[in-house]
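The values are calculated or read from the model by the stated rules, or taken from the named source; none is laboratory data. Source: prediction; values computed, not measured. Here the Cβ positions follow ideal geometry from the backbone for every residue, glycine too, while neighbour counts run over all protein chains shown. These accessible areas exclude ligands, DNA and RNA; they are computed on the full protein's heavy atoms, side chains included. Shrake-Rupley method; radii C 1.70, N 1.55, O 1.52, S 1.80 Å.
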Amino acid sequence: MNCRMMMNMLATALVILGAAEARAELEAKVERFEDYTRYELTLSEALADGHDLALHLGEQDGRFTHAWAAVPGTGQTDHRLDVSALAVVDGHLRGGVELWIQTGGGSPMYHGVYELDLPLTAGRIEGRYTGHYSVRTRTLVYDTDQMKVSADQARLFAYGQPISGAIEGEVQAPAVDARPARFELESTHLLVGDLSVTRYVILRFDIDGDRLSNVEFLPRSPGPATWEATVEDVALAFEDDRLHGHISVEVTGGGPRTRDGRYSFNIDARVSDNEVAGRFTDGRFLDQDIGGAGLSGFARGLYEPDRERIYVLSLPRAIEATPGRNGLLGVNLRYADGRLHDGVAMCPRFPQRFEVDVDQLEVDGDRLSGTLAVHYTPDSPVIDRDRPFTVAYRIEARRDEGGQLHGRYECVFGPVEEVAGAARGRVLEEAALRAQHAIADGRHWPMRHGPAAGMAATPSDHELVDTIADARLLWRSERTPPGRYQVPRYGESNVRRLLEGRAAGGECSIIVVDGRVYLYFFEPAEGPYDEGVVNRAVEAGQRVAPLQWSLQADDIVVCLDAATGRTLWKTTFPGQGRYYGHATGTGKGSYTANLAVADGRLFVQPTHGAMIALDADTGDLLWSTRDVASREPVVAEGVLILSTDRDLVGVDPQNGRPLWRIAGAGMRHGTPLPWHHEDRTWVIVGTADGRLMLIDPVEGEKRWQVDGLGNLTLGMSLGKEHVLVNVTGENGSQRTLGAYHISLDGAHRAWSLDPEHYPYNP
């Protein structure tokens, strides 16, 4: 045995040993799922304008995990559906359904809650439903600050939805003109300047008859506002629930954001239940007329209350406000002669007031309890509704020795439409669904670029629909827990993308092989990286800082039945990967790792770094290796092709052992393209430095090479005899789209576009 053979055997042994070590350190949790049953029913006239509601409920392992709702004839499906309270019990489909859905393009979003108790007889569903619906705003609310958010922690804030929260407040003496009072008023854009936040002011003062004291004119936003004001002249009167007068101030130190000089204003405001609303009018700056601004604020008496007092309450998130408003509700209630008399409700810093009823609210010692009715009107800047409605707030609060109020409120916000009607449907077993919707033999999408590496499906007799409304949804997969940076369900976009239009949470092209759908994704795990992961990174010479400041990730591979949507298996590598979110500073916050399936094996490189092979039928881990890996695996002629940043490597798919390596042929972010020609498969690769190559995947050799092209790792598309590539213009710097005719003997340029008019910018 010569020295070279011995070295090769030693290298092979080390590779196999490394793969065994990698396989030992990975912990895979495999879940397999049983038979699937579909319940399809229609709730007649369950939404406005007589629209029906269709429910499709996929039951697996005793839970409805594959459910969706639709409005027949519109193409609209639910934005969110909660069927966690639904179950099949004693031959009945029983429980509650909650959903958010539209009835057409541009139509309002509806929030509906429906109760079902429907007998199941001989595969049929027939009975009646009850429920209610209401219109919602466009606000998504998180009920937690955690990165990983469960389905019941992310909701659409809707009319007709129960809400609750804490109450804060205090008991004050009423501000009346016959006694001393303290005022704190706020303005909007009152001063002159080019930054709006520096133009806001706070005016504070005490008043007792015709005597003023403690007068202050201050910036409302002290951060960017550095100006100071000296009060030159002030005369204010508080009489008959009206505050009026004038004030002049000298502003200095405003810098480039606020103009220095003398300002003067008149003041006219109404005082009701310690709330102040009005305007600064007739404003003057130096010799200029600058108009005025709105004012709002509060007043309070400066004496110890005995029998008469004001209850000032603050209820956070008690209003379903228009986007950009915080939903804070303020309530002032007047108490005298042993009972509550009247009051007012308002959204702070807006002049509109809402009427209240206090008949069912009472004070008993230090306890404030009962129901407060608030009558909302549609002309408010914070209420997104075109007609009046009333909300009943259930209140329970106590006053402490210092006069502070603490407690809770609960209510159902906004108008609700009650509905009831007929419910009819059918029960479909898995075999019947598969017979109706099975994918025809030979219809595959086995890799990112499609069956022929040309981004096109295999030709068929089916016609494409013009709009999605003409298509019929066959199934929807189970949901994964929606999080701020992760996919909320298989194959769809994520919460952050919905809100901000950005990619995040792991991306993967779905592949379809032998009637099965495969997908990889990741989600944040509970807790940061452990010391063992960091130590392994140190030993491998990897950067440690990103790991120390990152969260762990659960890497997940899932397999679905393409005909029914049933989950066949799910393999999870818990807490062993790195979570790529916006907080880690990774740009878009995504991690792309595509799949390849061949000969009963599935190949993928998850965030934990190892290249793994799973049994495509069961999800079991077959092997893993950290010696060579790629996020764009391809199988050709029985060889697993992996493209690293520098090299192209052929790997034995049975055990992960490297078979050959071509230095400098790596595609970095691109995918090697299998080219089917003369009853066998070759591989087309392109490099960042502009080399196009044809590779023999069996021998691991270059058949030919073309130099001088553009960066080919940004993407290529393959046809039967041509490949679309990035080519350079005559001056060598401009880029455009071109096509090369390819054969086994070589490649030559067939055509290219004028780079001046068609620059290539993938």
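Things worth noting here:
- Long-range neighbours under 6 Å by Cβ, at least six apart or interchain, first residue in a strand (DSSP E or B) within the stretch 668-684, second surrounded by fewer than 20 Cβ atoms within 10 Å (Cβ to Cβ): P674/T681; T681/E637
- Sub-6 Å Cβ pairs linking a first residue in the stretch 649-664 that is part of a loop (DSSP other than H, G, I, E, B) to a second residue that is not hydrophobic (A, V, I, L, M, F, W, C), at least 6 apart or interchain, are P653/R601; G656/T625; A663/D647, ordered by first then second residue.
Per-residue answers, yes or no, for (1) at pLDDT below 95; (2) touching a Lys or Arg at 6+ places or on another chain (Cβ under 9 Å):
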{"site": "Y335", "(1), (2)": "yes, yes"}
{"site": "G338", "(1), (2)": "yes, yes"}
{"site": "G343", "(1), (2)": "yes, yes"}
{"site": "D357", "(1), (2)": "no, no"}
{"site": "T371", "(1), (2)": "no, yes"}
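- Some residue of the stretch 281-296 being closer than 30 Å to D359 by Cβ and either modelled with pLDDT of 90 or more or out of contact with any Ser or Thr (no Cβ under 7 Å at 6 or more places or on another chain) (or both): yes
- Some residue of the stretch 351-369 being hydroxyl-bearing (S, T, Y) and buried (at least 20 other Cβ atoms within 10 Å of the Cβ): no
- Residues of the stretch 66-85 that are hydrophobic (A, V, I, L, M, F, W, C) and buried (at least 19 other Cβ atoms within 10 Å of the Cβ): A67, W68, A69, A70, V71, L81, V83.
- Checked against (1) open to solvent by 60 Å² or more (accessible area, probe 1.4 Å); (2) modelled with pLDDT under 85; (3) of a type outside the set (F, W, Y), V149 passes all but a single condition, namely (1).
- Unique residue being closer than 20 Å to R128 by Cα and among the acidic types (D, E) when the list is D52, D61, D35, D78: D52
- Pairs are defined by a Cβ separation below 9 Å, a sequence spacing of at least 6 or placement on different chains, a first member in the stretch 188-199 that is in contact (Cβ under 8 Å) with a residue 12 or more places away in the chain and closer than 21 Å to D287 by Cα, and a second member that is open to solvent by less than 30 Å² (accessible area, probe 1.4 Å) and in a helix (DSSP H, G or I); the pairs so defined are L191/T198.
- Count of the stretch 704-714 residues, restricted to those that are surrounded by fewer than 17 Cβ atoms within 10 Å (Cβ to Cβ) and either among the acidic types (D, E) or closer than 28 Å to A457 by Cβ (or both), is 1.
- Which numbered condition T390 misses (of (1) open to solvent by 40 Å² or more (accessible area, probe 1.4 Å); (2) part of a helix (DSSP H, G or I); (3) not basic (K, R)): (2)
- Total residues in the stretch 215-241 satisfying the condition of being open to solvent by 40 Å² or more (accessible area, probe 1.4 Å) and either of a type in the set (D, E) or at pLDDT 95 or above (or both): the figure is 12.
- The set of residues in the stretch 227-261 being part of a loop (DSSP other than H, G, I, E, B) and within 14 Å of V192 (Cα to Cα) consists of W227, G253, G254, G255, P256, R257, R259, D260.
- All positions within the stretch 32-64 that are outside any helix (DSSP H, G or I), surrounded by fewer than 21 Cβ atoms within 10 Å (Cβ to Cβ), among the charged types (D, E, K, R) and out of contact with any Leu (no Cβ under 8 Å at 6 or more places or on another chain): E34, D35, E45, D61, R63
- So A435, is it within 30 Å of L724 (Cβ to Cβ) and without any contact (Cβ under 8 Å) to a residue 40 or more places away in the chain: no
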